[in-house]
Structure formats: C-alpha cells, structure tokens
Amino acid sequence: MNVTIVDYKSGNISSVINSFEAVAQDNININVTEDLNQIKSSDKIVLPGQGSFKSCVDALNNISGLVDALKDFALVNKKPLLGICVGLQMFADVGYEEAETKGLGWIPGKVSKIDNKNGKYKLPHIGWNEIEFMKNSKIFNGIENKSHMYFVHSYEFIPEDKSVISATVDYSTKVVCSIEKENLFGTQFHPEKSDKLGLQIIKNFINL
Amino acid sequence: MLKNRIIPCLDVKNGRVVKGINFVELKDAGDPVEQAKIYSDSGADEICFLDITASNENRDIIYDVVKETSKNCFVPLTVGGGVRSIEDINKLLNCGADKVSINTAAVQNPNLIKEASKKFGSQCIVVAIDAKKTLEHKWSVFTHGGRENTNIDAVEYARLSEKNGAGEILLTSMDKDGTQSGYDIDLTCQISKAINIPVIASGGVGNLEHLKDGIVKGGASAVLAASIFHFGTFSIKEVKEYLKSKNVSVRI
C-alpha cells in the first residue's frame, strides 16, 4: 500500500514523516512528494500544514494541478485523506488568518481565531490537552476518551454541519479538534507529536 | 483542560550531553539521542536541547543529533543555542526539530523573529530571554550566553518579542540559574502577566516545590529544568505525581 505525505513546501514536515515511517509495516510505502501522478495513484494521503492558513493555501496553489489532484483523490475517488493542523483547516471554505483566504471548500465552514476571552487564555494554545469524543471515529480505535494530545494553534475550524465533528478540546470554548466525514479525516492536534497515542492514531489511519 | 508542561533540558556540546541524565543503566551517558528517548518514554511533555558547542566548525554536529533524536522521539523537540539566521532555523526544522529557540540573534536583529515567524509559523519560534535583576522589579536582557548586558528591559523585550511573532518565551533567570533556590518568581510573574503567549520558566529549580511555584505563583505555562533530572534527584514521574497531588494539572 502507498501512503503519500504531500510535500507542498510549506512548513516543517519532518516530524510527520518520521512518525509515519516509525509505525509503517513492511508492506507499506511512505512517500513524500508533490508529484501529481504519485499522489493520484496513492491509496492514502496525508496533508500536513504548518504556519498560517494563508501561507499553506498559497503554497498548495503554487504547485500547478495539485489542488485538482487532491480534490479528485478526496471528493471524486473518495480515498482516505488525513489533514493535520492547518491541513485540516484547509478543508474549510474560508480562513481568516493574516487575510481572508479561500480554502479548499471540501467541508462547509470557516476557520477563525480561538476566542481567548480578552486575554484570559493564552494563544497559541500550546501543549497537551484532553480530547473529548463526539462520535466514533475510525482513527480513534484503541484510544480512550479524554486522552491527551499535543496542540499548537491559534485558529479553529468551525464546520457548519456539526455531525462531522469527532472530537473537541476544552480551551476557552469547545474547540473542534478532530473531524471525520466519510473518507475525510482531520486532526487539529499533532498525532506525530502526541507520543504513543498519537502514533496509534497514525497507525489507525494507515490501517483503514 | 490544558496541562502544564514539564520540559527536561539537555546541554549538548559537540554532539555529547554535558548536562543530562546521569543514570548508571545508560549504555552511553553522553548520547543525547538515547537520553531524549528515555525522557520521552518516561512522560516528558517536550524535550529541549541547548547546543553549547563553542566553535563554529562543530556546529553542524547538532543537525545529526537532532535528525537521529527525532526518529525515535515523538514529543516536541526544541533546539536552541547559536541560532543566528533563517537558514539555521530552516536546517534545524528540516532535521526534525519542532521548535527553535533564539536568544542573542533575536536581540541583535528583531527582524529575524518577524521573518522567521512569518516563514515557519509562530508555533516553532521561541524567543529565549536571559534576564538579570538590576533594580527592584527590574531586569535587563543579557546576550552571548549571559556575558553582555544589553540594558534592554526584560518585560518590554518580552512584549516586543510577542509583537514580532514569537510563539513562546523561554525565560531564564541568570540570578537563579544553577543556584537550586527556585525560579525568580517575581520575574516570571511580571513577564507572564505582560504577554499573552506562553512563558516557559527556567533557571534555579532545586526541589519539587520550585516547579509548583513556577506554575502557580509565576504563572508559567511550562517549567524547564536540567539539574534535578540530570543528577537523578527526581524523575519526570515523581515530578508529575507531586504536582498532581498539589492540584496542578499535568499529563499523566
């Protein structure tokens, strides 16, 4: 099986690569590429994302044909895709970090700054926090409710359809931190930096 | 609820740990890769490497260390020491560091923080402040490993760092560092109140109560320590169990 981590030249993806390589069994190839043909022929895709919403969207658009190839993969062929952090946020229609920026528009919703109650809560939301399940998600197999995951972000994805939310995290409000919609998966936290439980989530995605 | 983080720090010189875990069962007490793994397996919330390599020729060694460490360490890894440019940051991140802490270069060139946080995201840019008390409730920022007084007010500088895009402040009290007499609570508290990004308290931990005070009295989001872990005085587990017993929320 081929799992492709999309390298669209935005942010640091070495930790994502390391974690996938650490859990992958012998029959699984982890590819890291921006090559459209390789992306199209993959069985699963990981869309990482660090930095601002705008810089990630810009970087995706900079690679000619990439957005269409991803859309084909995820929406037409409906193969499993995991977005991590801004990778998840980009599923939205629009984001407001830096400037109002159009997202991929795969899941209706927006990405806004976490309400920090006038400075009562520090931003970025950095560190380990408990996730609370909202529904069963295939990537949470073997993970207990209220497990700790590692977060680093100031913005949150607010989907219109709340039924896509698979987990939230308590930080000033109930912040959406994981979604599952058919073949689309996303985590606001970083499974690649969330110790053994994070690796379990990655394993679950690979084994879908 | 967001947990308070416990961060062990390893001083690395020419690729070898000079202040790290001093346990007998270690195969190689000077191997940062092995030590980082032990810390992360025992529940450290993050790992910090401080590269104190003196000569530029040996600077590249840290890249290999980070590369090897990040293959086996699945909690965030912060690397600092001698970081001067966008290129240095880029190299460390590409080797697998999750955050880079910048000290002297951030004072000399505030644009570096602006540029770096824009390019790599605030989440991976930590501004490290070495502060020394000059007057009652006043601290000055020192650079070059604490050798040069910039005469910049530490609280003002923390505010400026936040404005320039730093994601966190790693705050070391030079007066307290190495004394084992506890963090400078006044300093930690002033800076923590002045800014809205997380503060990591550093310098002076000698016992468990000091860690608690850094969080409860100082308002730090994370506490960093080297010696107490290095000399095996306390394990990460002991620290966390103590803090939990004092109603300080930690990941266990």
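Structure above, values below:
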quantity: Set B:86, B:129, B:125: member being of a type in the set (Val, Ile, Thr) and more than 13 Å from the chain's Cα centre (by Cα); calculated: B:86
quantity: Single condition residue A:62 does not satisfy, out of (1) among the polar types (S, T, N, Q); (2) more than 18 Å from residue A:108 (Cβ to Cβ); (3) within 13 Å of another protein chain (Cβ to nearest Cβ); calculated: (3)
quantity: Unmet criterion (only one of (1) within 12 Å of chain B (Cβ to nearest Cβ); (2) under 14 Å from residue A:82 (Cβ atoms)) for residue A:47; calculated: (1)
quantity: When residues of the range A:148-171 are limited to those that are touching a Gly at 6+ places or on another chain (Cβ under 8 Å) and within 14 Å of chain B (Cβ to nearest Cβ), the one nearest to residue A:98 (Cα to Cα); calculated: A:155
quantity: Residues of the range A:14-42 that turn out to be touching a Leu at 6+ places or on another chain (Cβ under 9 Å) and either away from every other protein chain (no Cβ under 14 Å) or over 16 Å from residue A:204 (Cβ atoms) (or both), as a count; calculated: 5
quantity: Boolean, residue B:192 is away from chain A (no Cβ under 14 Å) and either closer than 30 Å to residue B:118 by Cβ or modelled with pLDDT under 95 (or both); calculated: no
quantity: The range A:70-106: number of residues that are surrounded by fewer than 21 Cβ atoms within 10 Å (Cβ to Cβ) and more than 30 Å from residue B:222 (Cα to Cα); calculated: 16
quantity: Flag if residue B:49 is away from chain A (no Cβ under 14 Å) and within 19 Å of the chain's Cα centre (by Cα); calculated: yes
quantity: Test result for residue A:115, within 14 Å of chain B (Cβ to nearest Cβ), of a type in the set (D, E, K, R) and on the phi < 0 side of the Ramachandran plot; calculated: yes
quantity: Residue A:94 within 14 Å of another protein chain (Cβ to nearest Cβ) and among the aliphatic types (A, V, I, L, M); calculated: no
quantity: Selected residue (criterion: nearest to residue A:106 (Cα to Cα)) from residues of the range A:65-75 that are assigned to a helix (DSSP H, G or I) and small (Gly, Ala, Ser); calculated: A:74
quantity: Matching option when the condition is surrounded by fewer than 17 Cβ atoms within 10 Å (Cβ to Cβ), under 18 Å from residue A:16 (Cα atoms) and not β-branched (Val, Ile, Thr), among A:136, A:141, A:207, A:145; calculated: A:207
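Let's see how each residue does on (1) of a type outside the set (Ser, Thr, Tyr); (2) farther than 24 Å from residue B:196 by Cα; (3) within 14 Å of another protein chain (Cβ to nearest Cβ):
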| site | (1), (2), (3) |
| --- | --- |
| B:84 | yes, yes, no |
| B:94 | yes, yes, yes |
| B:100 | yes, no, yes |
| B:103 | yes, no, no |
| B:109 | yes, no, no |
| B:121 | yes, no, yes |
| B:125 | yes, no, yes |
| B:128 | yes, no, no |
| B:134 | no, yes, no |
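The rows are residues; the columns are (1) among the hydrophobic types (A, V, I, L, M, F, W, C); (2) more than 14 Å from chain B (Cβ to nearest Cβ); (3) touching a residue at least 12 places away in the same chain (Cβ under 8 Å).
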residue	(1), (2), (3)
A:127	no, no, yes
A:135	no, yes, yes
A:175	yes, no, yes
A:181	no, yes, yes
A:197	yes, no, yes
A:206	yes, yes, yes
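The values are calculated or read from the model by the stated rules, or taken from the named source; none is laboratory data. On a predicted model such as this, the values are computed, not experimentally measured, just so you know. Methodologically, a virtual Cβ is constructed for each residue, glycine included, from the backbone with ideal geometry; neighbour enumeration extends over all protein chains shown.
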